[in-house]
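Participant: Please see the structure below; I have some questions.
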Protein chains: 4
Amino acid sequence: MIFASDNWAGVAPAILNAIAREADRYGNAYGESPIDKAVEARFSEIFEREVAVFFLGTGSAANALALASVNKPGGAVFCHRDSHIVEDECGGVEYLTGGARLIGVDGAAGKIDPKRLRAAIARFAPGFVHSGQPMAVSLTQMSEAGTVYSLEEIRTLTAVARERELPVHMDGARFANALVALNVSPAEMTWKSGVDVLSFGGTKNGCMGAEALVFFDPAMARDAPFLRKRAGQLFSKSRFIAAQFDAYLKDGLWLELARHGNAMAERLRAELTAMAAARLAWPTQGNEVFAVLREDDAARLRQSGAVFYDWAEPQGAELKLHDTESLVRLVTSFATRADDVERFLADLRSAEAPESLSAPVRPGRVRD
Amino acid sequence: MIFASDNWAGVAPAILNAIAREADRYGNAYGESPIDKAVEARFSEIFEREVAVFFLGTGSAANALALASVNKPGGAVFCHRDSHIVEDECGGVEYLTGGARLIGVDGAAGKIDPKRLRAAIARFAPGFVHSGQPMAVSLTQMSEAGTVYSLEEIRTLTAVARERELPVHMDGARFANALVALNVSPAEMTWKSGVDVLSFGGTKNGCMGAEALVFFDPAMARDAPFLRKRAGQLFSKSRFIAAQFDAYLKDGLWLELARHGNAMAERLRAELTAMAAARLAWPTQGNEVFAVLREDDAARLRQSGAVFYDWAEPQGAELKLHDTESLVRLVTSFATRADDVERFLADLRSAEAPESLSAPVRPGRVRD
Amino acid sequence: MIFASDNWAGVAPAILNAIAREADRYGNAYGESPIDKAVEARFSEIFEREVAVFFLGTGSAANALALASVNKPGGAVFCHRDSHIVEDECGGVEYLTGGARLIGVDGAAGKIDPKRLRAAIARFAPGFVHSGQPMAVSLTQMSEAGTVYSLEEIRTLTAVARERELPVHMDGARFANALVALNVSPAEMTWKSGVDVLSFGGTKNGCMGAEALVFFDPAMARDAPFLRKRAGQLFSKSRFIAAQFDAYLKDGLWLELARHGNAMAERLRAELTAMAAARLAWPTQGNEVFAVLREDDAARLRQSGAVFYDWAEPQGAELKLHDTESLVRLVTSFATRADDVERFLADLRSAEAPESLSAPVRPGRVRD
Amino acid sequence: MIFASDNWAGVAPAILNAIAREADRYGNAYGESPIDKAVEARFSEIFEREVAVFFLGTGSAANALALASVNKPGGAVFCHRDSHIVEDECGGVEYLTGGARLIGVDGAAGKIDPKRLRAAIARFAPGFVHSGQPMAVSLTQMSEAGTVYSLEEIRTLTAVARERELPVHMDGARFANALVALNVSPAEMTWKSGVDVLSFGGTKNGCMGAEALVFFDPAMARDAPFLRKRAGQLFSKSRFIAAQFDAYLKDGLWLELARHGNAMAERLRAELTAMAAARLAWPTQGNEVFAVLREDDAARLRQSGAVFYDWAEPQGAELKLHDTESLVRLVTSFATRADDVERFLADLRSAEAPESLSAPVRPGRVRD
């Protein structure tokens, strides 16, 4: 009953097979092999236009290098206050841009409020050197609160960015989960809605370690090969990232994996909503359920072997917890089994839980 | 007949199996899983003392973060003029240290000359702020010229570093190849000889992508967890790096893989030395042979399907080539088959080679 | 009637004389002249302990290098939300630290609220690598709202910092104004109250351009000479900064200059408080008056030749303005003449103002 | 008899007067005052085209920000091996560019050899990501060896840079000395000869602290206002830098000051050349004389009160010293008095020198 994170899961079998095939042969290093090139071309197909794509090892690197590629001195990046780049990357964006600043913008359910975004940008008067200068807007799709921006919401935010000619980055660590939730095309969810550069994540959805930085205008990627190499993110055996993506993107595997994860979360959501013992913090739209449980229920579930994180109470007034309640995050994935979900739900329903060895509990705010 | 680089090879079967085992189960993310912890402990056994170890995705990252962990403002790192950090990492050390400078020191056959090292350091008068300040010495074992420092040579250089209290970094991208060449213990080749921090490479010797940053004094590693995370080098599925190392370090597999690579190079070396048509640029001590061939021979071998790089003529007076000669690098690995070696040698010996489709030839200096 | 900023003023005559004396002779460059050394020693007298002091050209450089000297990877600096380093230095701290993050903490009247500070620091769990790590607390004395922390308030904040072993920086751009407001010793307002490193400003209080970075524990300054030089802040004719400080610190000139500035502000404050046409946004404690005026009054004063800035409405709920009101900042200095103050007050009192050519008006938020 | 450096001199009287005038009045801060704007316009006149100019406090800052304004990831800057940015700025360029690398190119008498420059650039194959990428060429006029590039030499080097579309920076810390040595116009020595961005130094030639960063194509300066501010180089009382330049550039004062310095050096050169006891290391073309003296003569001169630096023996084979010889640098300036020159020469000629108190001697390589 592992609901800790989708990156606690292993690797989808088809993806492991692709790695195994590649393991047994030679291939050019540093992204120059045939499979690297083929998968790069595949991204252009997937996104219905010529894109420049760079394989990377981590989503943090993708985010930081995306923003480094639009860097400005004194640059400010506008993103949600609770976004991964703010909360969980140890200042990676600041470091790899040499000092850009993240401006956390508020908004309900993990989504940037467009009016607050405009107001935050407006605090930077054009040419007023003391403040620094706006350099980008960064959205997270799906968001850190498990919600998904609609196409209209994305377009509203990118339009606000365009008012000041700011490029828009999308952190797509859970891109596939959002995509199948919206049931739209990759193009619609990105460049057709005003997104310029994308962190395309595979790791959380069944890959071993496969992330890509995607530029929808290849001209924006002029420095990206050097940015990637200089950051220690050009893998000599890059073709093993390519091989993962090859299988991931073949015959819609990536969408199928995401649909399974989302369906498991939907089952949790539906049942939790029906229980008196739980309520949802935010709408569940992808593969994450944020639930408010009684502390003793949470403890009991953990004793039964469930693994999940307590989640930090959000800073604003959005959600109020009673003293005896916990906000917990339940993440599903391609690897989640339906019977684990049912067992979790049954445990929560039951007044009495079996004694068990204590499962690992990590208190407090832990994110991934 | 791939002699392009050891990172063109695939993955050793036992290592692939370890990945496959891990793929089928859950595990804590971000380096917290049992296998991560077990393999960290294994490094302490291998090195016969408590070490602090950090798994990373690339050797460039390991080198840069090793030096970032001993960073100083205006800091100068002394290394061989032709070292990988100087020639092949796109300024990664400079970037990830926020501006350290690499001082290329000369020395025959890819090894730093101790007198020149002392002289280079001496140009930085203590406290003379205009020059900046020495911050580290970095050795490459085995070197970029395919040679191996003896223990005595390492100790001589680390003693020079100690005169100015400089920490010593070892770039061990081909650590195992050097180790079996010297037939000494990992401890002897590192901390017992004055090395403080090591980039321990697995990727070139049969792993898919597994590098480790090893501190022999854990106190030096205080900031390393943050350095790793901030650089986008803390992998969520870090346990797949750990799994690779688990298999790699089990039952001496790593040494066995390296011995095979070295033996293949030794076979090349021995035969090339005996031919009129070739001579060695530098002694072959590990898994790299640097040979001077006639240009037409090199072209003919490539037509027969051999893949190898031309190598840049070194900057000093060390090696002089005739106009009709090429310096080429032949790299062997765990995956090199003896019959490919024999075929290569036979092709070189034969006056006439079969016509074939042109194999990919990348002219000029290419390193990895 | 210039109330725009204290850095719009010129140079106090005694300080200009000191420059002139120095102009006519030779002296060692780069901070090695006798006057540099003498003034460095003078700082130790002023602060009643041995300090390490570094002359610099700007307060922004002092702040950034102060924080660079306590830098950590993923480091977070806690400061007031409206502090100069957040609002007015174009990301200089982030840049010169290579990516530290500023965490803006709230608090009334420009002063950090100790409880909020503790809560902000507490969000960084020790060793939790994803968040980064706390690295310093930075106070501004006097604050950007024209208020002055009492010794007790400083001690409360530095005690909070000590709970997590964080060094404390004080941005003392208006150090002298705060000091005479409190009527305490420099030692009491700094190290005796838990401050570790100080940006000591002279420029706003009658110098031409003289700032100093002061470490109360010289051991903390080990890298500071290199940090200063590397940042382009070691002036070849550094002795002209030293000469300014020499005169500034002689016979209490600096305190006298600050007292005059404060007295002029006190006169403004007292009269504005008594008028129906104005109210104070925050208490006036030094040489800055933040007043809420009617927009038409502000316009009229400007037509009469008064120069002052509109000030951005603070972000919190602290201060509410009517649609027809402006928040303005009136800054006095050593150069403010009493009759300019009286003329300004008279103009504000009068119902009708003389027509005049339009004086320069810079709308919106402008700080210094 | 101060020949230590031109930055040991004070301030020319007309420049001090300009400061004094400004001291007695108010003026807008941060470069917005009328005199700032007027002097900016004056630079366009001086250079015979519209330039973008930024006042700064130090030459190191000017050099670093010039190169930061043409920054590229993995960027390499080609400059003379002994240039100030390599030898004497504590890694400031590397720091403020976030990791650019300086490639020291050899060349006689402090001047870059064009063939070596082309060869050094050629080592960076276009698009070969491992090496990084060329980003600029930086010339020093006059050079660190006291020599002056002819217009033809400048044009040859800038043409080499143009072959790879590299912008050209000129470090003009001693711009005026070079200019009067060549007797050409500022435009001819810069943009008409292919220079794109200039560090224009006033400090060494009679200013107190006045440096300017000049872009000959204002479009290149788009980010420069933010670069300057972010680096802590936008002075609140910037008008005092402007005032220095105002006097400096008025009625040819700057050229007159430089001519005096050069004439004093020419006198030294002419007499030293005629003596058996001395020889020149390099041609004297501006205000610096590099002389080889007998060590005992150098010691004796210092005992007589002469102050000058020993200079590091250059790294190449250019100049060989006997064991009993010293390479010394004698720098003249606007402040050098003819009778000090004559006394120095007389002392050197005389076999016996008067006993005196030992004057400060700083051994070894010290530069400025």
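Participant: Which whole-number percent is the relative contact order of the range B:254-349 (Cα, under 8 Å, 6+ apart)?
Facilitator: With pairs under 8 Å counted, the relative contact order is 36 percent.
Participant: In whole angstrom, note down how far apart the Cα centers of the range A:156-185 and the range D:187-250 are.
Facilitator: So the two Cα centres are separated by 42 Å.
Participant: Just checking the output field for B:202-208: average partner chain Cβ neighbours within 10 Å of each residue's Cβ?
Facilitator: 3
Participant: Also, quick follow-up: Can you tell me, using C-alpha contacts under 8 Å and at least 6 residues apart, the relative contact order of chain B as a whole percent?
Facilitator: Contact order relative to length: 23 percent.
Participant: If you consider only alpha-carbon coordinates, what radius of gyration and Dmax does the protein assembly as shown have, in Å?
Facilitator: Rg, Dmax (Cα atoms, Å): 33.5, 108.
Participant: Could you derive backbone 3J(HN,Hα) for the range A:166-172 from the dihedral phi with the Karplus parameters 6.51, -1.76 and 1.60 (θ = phi - 60°), listing whole Hz in sequence and x where the residue is Gly or Pro?
Facilitator: 8, x, 10, 9, 10, 7, x
Participant: Only Cα pairs within less than 10 Å get springs; with that Gaussian network setup on chain C, which residue of C:36, C:217, C:24 has the largest fluctuation?
Facilitator: Ranking C:36, C:217, C:24 by mean-square fluctuation puts C:24 first.
Participant: Near residue B:192, which aspartates and glutamates are there with a Cα under 14 Å away, not counting those fewer than 8 places off in the same chain?
Facilitator: Here the aspartates and glutamates satisfying the reach criterion relative to residue B:192 are B:48, B:50, B:152, B:153, B:217.
Participant: Right, next: If we count other beta carbons within 10 Å of each Cβ, what is the order of C:88, C:323, D:347, fewest first?
Facilitator: With the fewest neighbours first, C:88, C:323, D:347 line up as C:323, D:347, C:88.
Participant: If a/c stays under 1.5 just call it rounded; otherwise compare a/b with b/c (prolate if a/b is bigger, oblate if not). Do that for the range C:161-308, with a ≥ b ≥ c from the square roots of the Cα gyration tensor eigenvalues.
Facilitator: Values: a/c = 2.22, a/b = 1.76, b/c = 1.26.
Judged from the Cα gyration tensor, the range C:161-308 comes out prolate (a/c at least 1.5, a/b above b/c).
Participant: Given the range A:10-253, what percent of its DSSP beta bridges are antiparallel, to the nearest 5?
Facilitator: Approximately 35 percent, going by the DSSP bridge assignments.
Participant: Within the set of other residues whose C-beta is less than 13 Å from the C-beta of residue D:64, count the net charge using Lys and Arg as +1 and Asp and Glu as -1.
Facilitator: -1
Participant: Amide H neighbours of residue C:133 under 5 Å, at least 5 residues apart or on other chains, H built in the peptide plane: list them.
Facilitator: C:75, C:76
Participant: To continue, here is another question. Send over the per residue convex hull volume for the range D:1-75, Cα only, as a whole number of Å³.
Facilitator: Normalising the Cα hull of the range D:1-75 by residue number yields 163 Å³.
Participant: Mind listing the phi-derived Karplus ³J(HN,Hα) values for the range A:140-145, rounded to whole Hz, using 6.51, -1.76 and 1.60 with θ = phi - 60°, and x for any glycine or proline?
Facilitator: Values, residue by residue: 10, 10, 6, 6, 6, 9 Hz.
Participant: In nm, to one decimal, how far is the modelled label at residue C:339 from the one at residue A:49, with both set 7 Å along Cα→Cβ?
Facilitator: 6.8
Participant: Another one. List the relative contact order of the range D:1-120 as a percent without decimals, with contacts defined as Cα pairs under 8 Å and 6+ residues apart.
Facilitator: Working: 99 pairs, mean separation 20.7, N = 120.
That works out to 17 percent.
Participant: Taking just the alpha carbons, could you work out the radius of gyration and Dmax for the range D:12-251, both in angstroms?
Facilitator: Using the Cα atoms of the range D:12-251, the pair Rg, Dmax is 17.4, 58 Å.
Participant: Can you work out the FRET efficiency for the pair residue B:251 and residue B:119, with r the C-beta to C-beta distance and R0 = 41 Å, to the nearest 0.05?
Facilitator: 0.35
Participant: If you keep only loop residues by DSSP, which GluC sites (Glu not before Pro) in the range C:1-102 have at most 15 other Cβ atoms within 10 Å of their Cβ?
Facilitator: In loop regions of the range C:1-102 (DSSP not H, G, I, E or B), the sparsely surrounded GluC sites (Glu not before Pro) are C:32, C:48, C:50.
Participant: If the viscosity is 0.890 mPa s and the temperature 25 °C, what translational diffusion coefficient in µm²/s does Stokes-Einstein give for the range A:254-349 when Rh comes from Kirkwood over Cα pairs?
Facilitator: Estimated via Stokes-Einstein, D reaches 181 µm²/s.
Participant: Give me the distance in nm between label points sitting 7 Å out from Cα along the Cα-to-Cβ direction at residue B:37 and residue D:276, one decimal.
Facilitator: 8.4
Participant: Per DSSP H run of n ≥ 4, the term is -39500 (n - 2.57); total these for chain D, divide by its residue number, and report the mean residue ellipticity at 222 nm rounded to 500 deg cm²/dmol.
Facilitator: Details: 14 runs with 138 residues, N = 368.
So the helix-based figure for chain D works out to -11000 deg cm²/dmol.
Participant: Over 31 Å between Cα atoms: which of A:37/B:320; A:72/A:111; A:204/B:37; A:72/C:115; D:72/D:320 fall into that group?
Facilitator: A:37/B:320; A:72/C:115; D:72/D:320
The numbers here are math on the coordinates, done by the rules we state, and not lab data. Keep in mind that what you see is a predicted model, and the values were worked out from it rather than measured. Cβ: placed from backbone, ideal geometry, glycine included. Neighbour counts: every protein chain shown.
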